[in-house]
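The values are calculated or read from the model by the stated rules, or taken from the named source; none is laboratory data. Keep in mind that what you see is a predicted model, and the values were worked out from it rather than measured. Virtual Cβ from ideal backbone geometry, glycine too; neighbours counted across all protein chains shown. Side chains are part of the model used for accessible areas, which takes the heavy atoms of the whole protein and leaves out ligands, DNA and RNA. Shrake-Rupley method; radii C 1.70, N 1.55, O 1.52, S 1.80 Å.
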Amino acid sequence: MAPKGPKPVELYGKYTWKIDKFSQINKRELRSNTFEVGGYKWYILIYPQGCDVSSHLSLFLCVANHDMLLPGWSHFAQFTIAVVNKDPKKSMYSDTLHRFWKKEHDWGWKKFMDLSKVVDGFVDSDTLIIKAQVQVIRERADRPFHCLDFQYRRELVRVYLTNVEKICRHFVEEQRGKLGKFIGDKARWPSFCAFWLGIDQNSRRRMSREKSDQILKLVIKNFFIEKEVTSTLVMDSLYSGLKGLVGQTNGKSGIGKHLDAEEQTVPIVSMENDMFVLVDDVLLLLERAVLEPLPPKDEKGPQNHTNDDTSGEDTNRDSIQRDERHLTELGWQTIEIFVFAHIFSKIEVAYEEAVALKKLEELSTEEAV
């Protein structure tokens, strides 16, 4: 799972644009100088009086030389644009994720902020300061990946950890609800148990595993959503969870980096070479998958882009470690329940086919009589 190609820090960059004599600008639009991030040239585009809207400042990030790029070019970028206030806590931030390509080579916000607010500390000595952070993403989207520069990622975690938690918890709870409903079906559950126990051990073993690359592609398809700003952090959480799962399977102590030994739950899925494998009989794991406790909720809630924690470096380090542990727990449990639900769905199909075949045989017998 070692990353290939440039590291996230090599695909990340910042740019600061100072617009002097802002009150004297009478142009409809204004472009910054170009700057390079991740092998691409960019510029910021501002509409001081709004783009197709009134009374708003419009801001966009644009690919500078899009007409000179090779046909079929496209690349994802996560970016944050801020209009700086004299009081850093009042600075205005917006984040997004976008796939830039020929027909969408610029992206941003028509209503970035109300023009009436610009004079409230944003224009200092008639200078407006705009800052951009850009993270180009080049990972192949066929398995969970880590794609954010550490400091930029830390900033996004402060703002969006609660959102990531909601996405992961919703998925886990939804899948558990489906599995719990199956177990609670008084007609199907005994029938399924009889079907499963009637299969030879080799067939059970074969049905309790699946190639990891096939499942991980489905994980990406389910969780990496274009234009959804939290997608990169969800991928990061799943990447950490998958790394922990692989580490636990291989008995590596590295899994303790973010999870203490007592915090690691008994797994329901393991990795064997290129296969996901259920660690026990599916009947036992079904009940465990439904009843396994979720990680405790993050109680801090969304925070600002600026780090307001002034309580000291040690406290900040503890906060970072706590957040990393929480992201790993969420990713680990989400990966496990995704894998289990996928494998079980194939077993359920085999069960339904067996039931249908049995009914067909009974009908044929009745007609023969």
Of the conditions (1) among the charged types (D, E, K, R); (2) open to solvent by less than 40 Å² (accessible area, probe 1.4 Å); (3) part of a helix (DSSP H, G or I); (4) more than 30 Å from E104 (Cα to Cα), R158 satisfies every one except a single condition; which number is it?
(4)
Please state which one of V172, V234, V219, V229 is part of a loop (DSSP other than H, G, I, E, B) and of a type in the set (V, I, T).
V229
Under 7 Å between Cβ atoms, at least 6 apart or on separate chains: pull out the pairs that start in the range 323-344 with a residue that is under 16 Å from V164 (Cβ atoms) and touching a residue at least 40 places away in the same chain (Cβ under 8 Å) and end on any residue that is of a type in the set (D, E) and surrounded by 24 or more Cβ atoms within 10 Å (Cβ to Cβ).
L327/D236
G198 vs. criteria surrounded by 13 or more Cβ atoms within 10 Å (Cβ to Cβ), without any contact (Cβ under 8 Å) to a residue 24 or more places away in the chain and of a type in the set (G, A, S):
no
Residue in the range 110-124 that is among the aliphatic types (A, V, I, L, M) and closer than 30 Å to E348 by Cα present:
no
If I filter the range 4-28 down to residues being on the phi < 0 side of the Ramachandran plot and of a type in the set (G, A, S), which single residue comes out as modelled with the lowest pLDDT?
S23
If the requirement is being surrounded by 16 or more Cβ atoms within 10 Å (Cβ to Cβ), closer than 30 Å to P8 by Cβ and aromatic (F, W, Y), which of these qualifies: F192, F150, F171?
F171
Could you grab me the full set of residues in the range 47-58 that are open to solvent by less than 30 Å² (accessible area, probe 1.4 Å) and within 12 Å of L115 (Cβ to Cβ)?
Y47, P48, G50, L57, S58
With the checklist (1) closer than 21 Å to L148 by Cα; (2) touching a residue at least 60 places away in the same chain (Cβ under 8 Å); (3) surrounded by fewer than 17 Cβ atoms within 10 Å (Cβ to Cβ); (4) among the hydroxyl-bearing types (S, T, Y) in hand, flag the one item Y40 doesn't pass.
(3)
Restrict the check to the range 23-36 and report whether at least one residue is surrounded by 14 or more Cβ atoms within 10 Å (Cβ to Cβ), free of Cβ contacts under 8 Å to residues at least 24 places away in the same chain, over 24 Å from the mean Cα position of the chain (by Cα) and not in a strand (DSSP E or B).
yes
